[in-house]
Amino acid sequence: MVNRSSTPRTDLPYLRRRVKPPLPAAQPEATANPAAVAPAAPAAQQPAGLVLGRNAPPSAANPRAAKLAARREAARNEDHEVGLLFPAPGIADVFELNLRERVLRLTALESAVGTMVVSGSTAMAWESTRRVVGGADAAGHTAGSPVKTSGNRPLVGYDGTAALVSLRHVRELRRAIFINRSSGTMGVQLFSGATVALPPVAGGIQLVLLVHRIGNVLELRAEPVPEAWEDLQIWQEFDFTMTHQAPAGAYGR
Amino acid sequence: MASLIAGANAALTGENPGLDHVVVGLGWDAIPSHGPAAELVPFAVLCDAGGQALSNDHLVFFNQLVSADASVTFAGDADQEQIDVELGAVPADVAKIVFLVYVDPDVRGRGSFASVRNSHIRVATAENRELVRFDMPAATLDAVTAVIFGELYRHGSEWKFRALGQGYNTGLAGVAKDYGITL
């Protein structure tokens, strides 16, 4: 027997869903069962056809939530280059940076807490992420431009005979070099107390300490240069060009 | 919006069904200074059931913007210090997330919370609807160099927030010791 009844079967759920709304026969049953009607009501308000993003959370439409999501996405990509670096020892693994062990890398936390103290250096130069370049020596001479941080301390500078880097503002630092013309060793100390040394001039070679930031980590390198080189030659070799603050009187000329 | 006192807790997901994302904001006023100023650093630690940091990759602060599992993100900028937590993405082995602020231990004067006023922590939705807030009580904080403001923690299948306001005289070193962080 072929099922050609004019009355649709509503006892089977999958058949009942196929009943078109205008059918008067289905109406009394639908109202008799409010629970069955309830989900159908919002569905009737949905536009016909495919709508992409219907499952997106309601917060996505909020401008503040959208800004937050964008900031979160940016943060996830911020330091991606660190994952591409070759392995390097940490400061706990290296006693001395020299011609054989030339590089070490700090962790993100070591690179960001307290002050990096470089003792025994006689001169230094720095470059910020905004390409502000300056230099100073232990005798108090300065060149180029200082970089002031929000804590009213220089990003890099001498305090007495010790060269200091404010690690709270490490993300403003691009790189710095530390030169040692004395006969003593140069030392680096972190907040944790971890230290590493660089030997003094020997065999006509002086070792320059290069500190440069890659993403959220600092890398420390011992770079050999001829002993006879002056500071200016070393700046040139490392491509430091001092920036200068123009006097206010020069404005508009 | 609920205002908490130290030690009090509030159900977040229990009272806000469907909540899977919160923004934890930390704020304070500092007395302006022309000299070297104490620099405060917001910091989040993802802890296991024993209360220890899972690893140093499970810390979130200005120089490590995302936790190892990408569930917690530092979303602060110059104007606001906020940490974004996707509750649904937090791994099961994270039992709580601790929020603290430490004074950066600069060798040219370490500073303390002495110059800090009106500090608070707030938990809000992504749309900035404030769920709970804890205003740190006014107290003498001259010797305090780190403060645990509060923590998000699991309670069964729910997330709750507890206000703490616990000060340290030993700064980040003391916090690191208590939470198993390698400095």
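Each value in this text was obtained by applying a stated rule to the coordinates, not by laboratory testing. This structure is a prediction, so every number in the text was calculated from the model and none was measured. Heads up, the Cβs are rebuilt from the backbone with ideal geometry, glycines too, and the neighbour counts pull from every protein chain shown.
Taking the Cα centre of chain B as reference, the dipole from Cβ charges on Lys and Arg (+1) and Asp and Glu (-1) amounts to some 500 debye.
The phi-based Karplus calculation (6.51 cos²θ - 1.76 cosθ + 1.60; θ = phi - 60°) puts the 3J(HN,Hα) values of the stretch A:93-102 at 8, 10, 8, 9, 8, 8, 5, 8, 10, 9 Hz, whole numbers, x for Gly and Pro. A simple rule links phi to the HN-Hα coupling: the Karplus curve 6.51 cos²θ - 1.76 cosθ + 1.60 with θ = phi - 60°, which for the stretch B:169-183 gives 8, 9, x, 4, 4, x, 4, 4, 5, 5, 9, x, 8, 8, 7 Hz, with x for Gly and Pro. Near A:M186, the amide H atoms lying under 5 Å from its own belong to A:L198; only residues 5 or more places off or on other chains count, and H is placed 1.01 Å from N. Inter-chain neighbour count for B:37-43: the average number of beta-carbon atoms from partner chains within 10 Å of each residue's beta-carbon is 3. Descending by average beta-carbon neighbour count within 10 Å, the peptides B:145-155, A:216-226 line up as B:145-155, A:216-226, the highest first. For A:D159, the amide hydrogen comes within under 5 Å of the amide hydrogens of A:L164, counting only partners 5 or more places away or on other chains and with H modelled in the peptide plane. Residue by residue along B:29-35, Cβ atoms of other protein chains within 10 Å of the local Cβ number 1 on average. With a/c under 1.5 counting as rounded, go ahead and sort chain B into rounded, prolate or oblate using the C-alpha gyration tensor (a ≥ b ≥ c being the square roots of the eigenvalues; past the cut-off, prolate if a/b is larger than b/c, else oblate). Verdict is prolate for chain B. Close amide H partners of B:G150, meaning residues 5 or more places away or on another chain with modelled amide H under 5 Å apart, are B:F99, B:L164, B:G165.
The shape of the stretch A:144-186 comes out prolate: with a ≥ b ≥ c from the C-alpha gyration tensor, a/c is at least 1.5 and a/b beats b/c. For B:K96, the aspartates and glutamates whose Cα falls under 18 Å of its own Cα, not counting residues fewer than eight places away in the same chain, are B:D20, B:D48, B:D57, B:D69, B:D84, B:E86, B:E151, B:E158, B:D178.
For the peptide B:58-67, the mean number of other protein chain Cβ atoms found within 10 angstrom of a residue's Cβ is 6.
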